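Laboratory data are not the source of any read-out in this text; all were calculated from the coordinates shown. Treat the numbers as computed from the prediction; the structure is a model and nothing was measured. Cβ coordinates were reconstructed from backbone atoms using ideal geometry, including for glycine residues, and neighbour counts include every protein chain displayed.
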Amino acid sequence: MCFTYPLLLFNVSQGIVEVTSEQTSESYEPLFHYIEDLEEKLRTNAIQMPEKEEKVKKLIEAHADHY
């Protein structure tokens, strides 16, 4: 029984982290779609895109499956 409680606690904690991560990704999804639309309009109109800051690049990489 002494091993069951920590394992259960770990599983619950892992679940909370996973749900929080998914919720965060979903909250950024509309923003990423908006960015995609803006970038497409810039390309279509031959307008040079501004360079992405390193923080922006990392954020996009972290949520690449949604972008």
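Quick look at the numbers
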| item | result |
| --- | --- |
| Net charge over other residues, Cβ less than 15 angstrom from the Cβ of Ala46 (K, R count +1; D, E count -1) | 0 |
| Stretchable slack from Glu29 to Glu54, in nm (0.36 nm times residue separation minus alpha-carbon distance) | 7.0 nm |
| Ranked list, fewest to most other Cβ atoms within 10 Å of each Cβ, for Thr24, Thr44 | Thr44, Thr24 |
| Volume per residue that the Cα convex hull of the range 17-67 spans, once the total is divided by residue count, Å³ | 67 Å³ |
| Sorted by Cβ neighbour density within 10 Å, fewest at the top, the residues Tyr34, Tyr28 | Tyr34, Tyr28 |
| Least to most buried among His63, His33 (fewest other Cβ within 10 Å first) | His33, His63 |
| Approximate spin-label separation Asp37-Gln14, in nm, with each point projected 7 Å along Cα-to-Cβ | 3.9 nm |
